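Read-outs: derived from the displayed coordinates by stated rules, not from any lab. This structure is a prediction, so every number in the text was calculated from the model and none was measured. Backbone-built Cβ (ideal geometry, glycine too); neighbour counts: all protein chains shown.
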Amino acid sequence: MPSEAPQLAPGLYLVATPIGNLGDITLRALDVLRRVDRIACEDTRQTQKLLNHFEIATPTVSCHEHNERARAAELIAEIERGAAIALVSDAGTPAISDPGGQLVRAALASGVPVVPIPGANAALGALVASGLPAASFHFFGFLPEKAGARRSFLEELAASAQADARKPAPTLIFYEAPHRILDTLADMEEIFGGLLHAVVARELTKIHEEFLRGTLAEVRRELAARERVRGEMVLLVESPRPQPSVPAPGAESASEKIAGRVARLVAEAGIDEKEALKRLARELGRSKSDLYRELQRERARRR
């Protein structure tokens, strides 16, 4: 008879699980989940479905965003007594926009071994199939839920493109919820400009997997035309293109032109400066944030 597999060394095992298709579980992940002493789960009910499918009887315990700090001390104490503990999220790789980061840091601070068991990840799966540059990318997870915070974050990203004009432009990767995706695309279209290439990867590895490719404006219009937007989504966008800050020799500066046009819109239409910038951005096919920065530079020169 074949000998039993050797006992797993004590430690914290970070096990990636499928993001939709159960066939994406790795052989190593199944082996670890069977042999650890306990599995710490973002949601024990969700993980139990996976364990039942593969006939794994390992005990589970919850470890989610609301109890992770307290649970970490308990799990690390078990490992220090010789246990092997696996950590899983509901789907994908633990600690990537999911619980796990606090537990990992606490384990490392206690000298507990941390072992990654690689597997499915929605961001990387979407990136390699998007058609956008994959050599360099920035992953941001979920954008802020509140509209004002989200817009401020995107405006900072647009401004950073100015500062990093000589560096390779990375692909920007976000996770987004279906009930916010249209607002996010609209904000990006206004702040980044509607002509940037974008991809929405929806329901990856599932029956209704879909990739929407086009400009920000085209992708937004496609989703807006649907009766309902569903599914988990990865949003990928090329980096905003930096705009020249110095006008061409002998020409009136673009910011001076913008300042005059903004002032005229405010006076003639009876609107505030913010709305005037928004209208002008649509007219020129540029982002409102870019026009605002030019307006501020012009005002600074006048001081």
Worksheet item: Quick one: Cα convex hull volume of the stretch 69-210, Å³ per residue?
Response: 161
Discussion item. Nearest 500 deg cm²/dmol is fine: what mean residue ellipticity at 222 nm does the chain get from its DSSP H runs of n ≥ 4 alone, each adding -39,500 (n - 2.57), divided by its residue count?
Written reply: -13500 deg cm²/dmol
Item to complete: May I ask you to list the GluC sites (Glu not before Pro) in the stretch 83-174 that are in a DSSP loop and have at most 15 other Cβ atoms within 10 Å of their Cβ?
Response: 145
Worksheet, complete the sentence: For the stretch 75-157, the percent of all C-alpha pairs falling in each 5 Å bin, from 0 up to the bin holding the max distance, is 3, 11, 16, 16, 16, 15, 10, 7, 4, 1
Item to complete: Kindly work out what percent of the DSSP beta bridges joining two residues of the stretch 11-120 are antiparallel, to the nearest 5.
Response: 5
Fill in: Percentage, to the nearest whole number, of Cα pairs in the chain over 33 Å apart
41
Worksheet item: GNM, the chain, Cα, under 10 Å: largest mean-square fluctuation among 225, 147, 120?
Response: 225
Discussion item. If you build the convex hull over the alpha carbons only and average its shadow over all orientations, what do you get for the stretch 11-120? Give it in nm² to one decimal.
Written reply: 5.9
Worksheet, complete the sentence: The relative contact order of the stretch 11-120, taking Cα pairs under 8 Å that sit 6 or more residues apart, comes to a percentage of 45
Practice prompt. Report, for the chain, the % of DSSP beta bridges that are antiparallel, rounded to 5.
Written response: 50
Fill in: Sequence-distant residues sharing a close amide H with residue 13 (under 5 Å, placed H)
85, 86, 87, 115
Worksheet, complete the sentence: Counting Lys and Arg as +1 and Asp and Glu as -1 over every other residue whose Cβ sits under 11 Å from the Cβ of residue 95, the net charge comes to -2
Fill in: Mean Cα-pair separation over length for the chain, i.e. relative contact order, pairs under 8 Å, 6 or more apart, %
16
Worksheet item: Which trypsin sites (Lys or Arg not before Pro) in the stretch 131-194 pass both tests, a DSSP loop state and at most 13 other beta-carbon atoms within 10 Å?
Response: 146, 166
Item to complete: Determine the sum of side-chain charges near residue 117: Lys and Arg each +1, Asp and Glu each -1, restricted to other residues whose C-beta is under 12 angstrom from that of residue 117.
Response: +1
Discussion item. Based on alpha-carbon centroids, what's the gap between the stretch 216-240 and the stretch 45-90 in Å, whole number please?
Written reply: 35
Worksheet entry | Kirkwood Rh, angstrom, the stretch 74-114 [1 / mean 1/r, Cα pairs] | 10.7
